[in-house]
Amino acid sequence: EPSVVSGPVPLTPIQHWFFEHATVDPHHFNQAMQLQLKPGVDWHCLTSALQEALRRHEALGLRFEPDRGCWQQRLQQQDQAVSVCRQDWSGKKDVEQQMELEQLASELQASFDLGAGPLARAGAIDRGAERPGSLLMILHHLVVDWVSWHALLEDIHTAYEQLLGSRPLELTPKTTPFPVWAERLA
């Protein structure tokens with residue numbers, strides 16, 4: 001089905017519930033995923049794959065603002081890339097890396113703004129050519145759930161493999177657009 005690229009979208013029932021119950025720091029209700037990357041990962045392909053997958057998932061373009069005591073959501077066109085903060089930790093010891101990881105995660109989580117977005121952040125950690133790297137992804141729970149993580153991670157992996165092989169991007173067909181799904185639920 002065609003999708004709305006921008007504009008107001010009704011809150012889903014779970015989003016209504018969230019705003020009724022998350023009255024303290026609603027911007028800090030995030031989900032994080034840390035993925036271990038094979039040594040020698042192609043950072044350019046990974047960043048491009050991540051950008052493509054994040055741009056493809058419409059819910060990541062949602063923004064939320066209070067209006068006369070009620071929260072409203074709008075879909076913002078995903079024309080800007082989500083920044084991927086790449087860190088080179090190849091010269092750091094494991095203990096230092098763990099402390100840096102905790103600091104990076106805190107910084108990424110604290111940077112969320114429900115009204116301005118984006119509601120997805122990523123940190124790529126390069127530990128050197130011989131050691132596995134990491135990809136830390138943090139998304140606000142208003143735009144991701146367990147099922148969404150599976151679809152997003154599959155798209156990132158597929159896009160990475162296709163870009164690595166210099167093949168054209170052919171990701172799985174999109175399902176019902178988020179705005180259509182939210183309207184049906186409402």
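The values are calculated or read from the model by the stated rules, or taken from the named source; none is laboratory data. Please read these numbers as outputs of a predicted model, since none were measured by experiment. Don't worry about glycine lacking a Cβ; one is built from the backbone with ideal geometry, like all the others, and counts go over all protein chains shown. These accessible areas exclude ligands, DNA and RNA; they are computed on the full protein's heavy atoms, side chains included. Shrake-Rupley method; radii C 1.70, N 1.55, O 1.52, S 1.80 Å.
Residue by residue, here is whether (1) exposed (fewer than 14 other Cβ atoms within 10 Å of the Cβ); (2) modelled with pLDDT under 90; (3) not small (Gly, Ala, Ser) holds:
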{"site": "14", "(1), (2), (3)": "yes, no, yes"}
{"site": "17", "(1), (2), (3)": "yes, no, yes"}
{"site": "31", "(1), (2), (3)": "no, no, yes"}
{"site": "37", "(1), (2), (3)": "no, no, yes"}
{"site": "46", "(1), (2), (3)": "no, no, yes"}
{"site": "52", "(1), (2), (3)": "no, yes, yes"}
{"site": "56", "(1), (2), (3)": "no, yes, yes"}
{"site": "71", "(1), (2), (3)": "no, no, yes"}
{"site": "82", "(1), (2), (3)": "no, yes, yes"}
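Which of (1) surrounded by fewer than 12 Cβ atoms within 10 Å (Cβ to Cβ); (2) without any contact (Cβ under 8 Å) to a residue 60 or more places away in the chain is the odd one out, the single condition residue 121 does not satisfy?
(1)
Testing residue 128 on (1) closer than 17 Å to residue 84 by Cα; (2) at pLDDT below 90, one condition comes back false. Which one is that?
All conditions are met except number (1).
Looking at segment 91-105, is at least one residue within 15 Å of the chain's Cα centre (by Cα) and open to solvent by less than 70 Å² (accessible area, probe 1.4 Å)? Even if it seems obvious, please write down each step before you answer.
Within segment 91-105, the first condition is being within 15 Å of the chain's Cα centre (by Cα), and the residues that meet it are 105.
Remaining after also requiring open to solvent by less than 70 Å² (accessible area, probe 1.4 Å): 105.
Within segment 91-105, one or more residues are within 15 Å of the chain's Cα centre (by Cα) and open to solvent by less than 70 Å² (accessible area, probe 1.4 Å).
For residues that are surrounded by fewer than 22 Cβ atoms within 10 Å (Cβ to Cβ) and out of contact with any Phe, Trp or Tyr (no Cβ under 9 Å at 6 or more places or on another chain), tally how many sit in segment 135-154.
Going through segment 135-154 one residue at a time, the tally reaches 11.
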